[in-house]
1. Looking at MET135 and the list (1) assigned to a loop (DSSP other than H, G, I, E, B); (2) open to solvent by 60 Å² or more (accessible area, probe 1.4 Å), which single condition is not satisfied?
2. What are the pairs, 6+ residues apart or on separate chains, where a residue within the stretch 230-252 that is within 18 Å of ILE283 (Cβ to Cβ) and without any contact (Cβ under 8 Å) to a residue 60 or more places away in the chain has its Cβ under 8 Å from a residue that is open to solvent by less than 10 Å² (accessible area, probe 1.4 Å) and outside any strand (DSSP E or B)?
3. LYS337 fails exactly one of the following numbered conditions: (1) within 24 Å of PHE41 (Cβ to Cβ); (2) part of a helix (DSSP H, G or I). What is the number of that condition?
4. Take the stretch 67-95 and flag every residue that is open to solvent by less than 50 Å² (accessible area, probe 1.4 Å), over 21 Å from the mean Cα position of the chain (by Cα) and in contact (Cβ under 8 Å) with a residue 24 or more places away in the chain.
5. So which helices (runs of 4 or more DSSP H) stay within the stretch 209-315 end to end and still have 3 or more residues that are under 16 Å from PHE93 (Cα atoms) and open to solvent by less than 50 Å² (accessible area, probe 1.4 Å)?
6. Could you list, in sequence order, the residues of the stretch 165-193 that are in a loop (DSSP other than H, G, I, E, B), surrounded by 24 or more Cβ atoms within 10 Å (Cβ to Cβ) and touching a helix residue (DSSP H, G or I) at 6+ places or on another chain (Cβ under 7 Å)?
7. What are the pairs with Cβ atoms under 8 angstrom where one residue, in the stretch 354-365, is closer than 12 Å to ALA394 by Cβ and the other, located anywhere, is part of a helix (DSSP H, G or I) and not hydrophobic (A, V, I, L, M, F, W, C)? Sequence gap at least six, or different chains.
8. What number of residues in the stretch 355-383 are among the acidic types (Asp, Glu) and either within 17 Å of ASN161 (Cα to Cα) or in contact with a strand residue (DSSP E or B) (Cβ under 8 Å, 6 or more places away or on another chain) (or both)?
Amino acid sequence: MSSISAQHSDTTFASSFEVQKIREMFPILHQEVNGKPLVYFDNAATTQKPQSVIDALNHYYTHDNANIHRGIHTLAERATAAFEETRQAIQAFLGAREPEEIIFTKGTTDSINLVAHSFGKANVKEGDEIIISAMEHHSNIVPWQILCEDKGAKLKVIPVNEQGEILIDEYQKLLSEKTKLVSVVYASNSLGTINPVKEIVDLAHSYGAVVVLDGAQASAHLEIDVQELNCDFFALSAHKMYGPTGVGVLYGKRRLLEKMPPYQAGGEMISNVSFEKTTYNDIPYKFEAGTPNIADVVAFKQAIDFIQSIGKAKIQAHEQALLAYAHQQLEQIPGLKIIGTAREKVSVASFVIDQVFHFDIGQMLDARGIAIRTGHHCTQPLMDRYGIEGTARASFSVYNTKEEIDNLVEGLSKIVKMMRK
């Protein structure tokens, strides 16, 4: 039994009434796929959307659609107010000191690129070092590689152990006066590992380095307080939090954001423009060039309200019970090995099965109406660490049930039996 299974084997599920009530809020779940009731276990890729988010999108385009911030007519004022209400909701959700520290982006990838291009351009020089971990998503590897190549800086990587946990002792050895920035994932999309980010931040700060946290997989599951974490930047995506695609957030400390040059140029981000010289707007608008994704930002507030209405503690308890049950059941399948058995995980179960290609697993489960993700999950270096091409990944959310896991396990058992005839 894995440590997760042992740790949570006594955890009770939220009552079926509560889960069914939550499921009723998600219209997409109530359909058949390939003649079977849909089982959606691809939540680490994107979560489904409650009716309130869908209604907010429809309401915006039906009643309030207008460009924001500079219009003086009623629609523009309503659209601006709704847009800024989401900024304030995110400020409270992350525990940021002020709404000006919240920048809207296209997603976590865009947020990390903003820091790499802007902070990196202004602060990283030849001989400096940037530290990431071996479990990073490509979006938290490639921007730093490009920056290092451009500046003549060096990229260092914190190794992980067989369980998929960062080796803190090795991290400490990598830190030095040359370390300019540390960027790590809060919760791994491939393994589910929850990293000790507070400890990582404190160690980096002791060397004067700034810290970026990739919160894409953490924000819907874990309590986030950026002031308590004391991270310098925090990135997230709305679509992994029951919100629309195409919206992300970058939190940054004011003193850092104010010193950073603009990331992109255009309307909104300027204060005054002449052919001789341009001056820039205050934060956060300095980093929000052009017309933003207004409707999706407005609808994102409904996703935040949905999470807050249930509560992170209740969400986490339910998802941890699902994860523990899934680990217990999956480990009964002959030849199945779970990849990623860290002591602290979000609700992600990655696995491989002897002599069965992960892509085939995904296709055959889809024929049974079960949606999982297969492949390297944009973490190719991590797959190399385990000597595998990829995994099958089931990731659970607040609307998933124990019965759906039973369907998954039954389907996998039949696949294994059929493939080994």
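The values are calculated or read from the model by the stated rules, or taken from the named source; none is laboratory data. Quantities reported herein were computed from a predicted structural model and do not represent experimental measurements. With ideal geometry, Cβ positions are generated from the backbone for all residues, glycine too; neighbour counts draw on all protein chains shown. Side chains included, ligands, DNA and RNA excluded: accessible areas come from the protein's heavy atoms. Shrake-Rupley method; radii C 1.70, N 1.55, O 1.52, S 1.80 Å.
1. Condition not satisfied by MET135: (2).
2. Cβ pairs passing all conditions: CYS231/VAL197; CYS231/VAL201.
3. Every condition holds for LYS337 apart from (2).
4. Within the stretch 67-95, ILE68, ALA79, ALA82, PHE83 meet the criteria.
5. Where helices (runs of 4 or more DSSP H) fall fully within the stretch 209-315 and carry at least 3 residues being under 16 Å from PHE93 (Cα atoms) and open to solvent by less than 50 Å² (accessible area, probe 1.4 Å), they are 294-310.
6. TYR186, SER190
7. LEU365/GLY411
8. Within the stretch 355-383, residues that are among the acidic types (Asp, Glu) and either within 17 Å of ASN161 (Cα to Cα) or in contact with a strand residue (DSSP E or B) (Cβ under 8 Å, 6 or more places away or on another chain) (or both) number 1.
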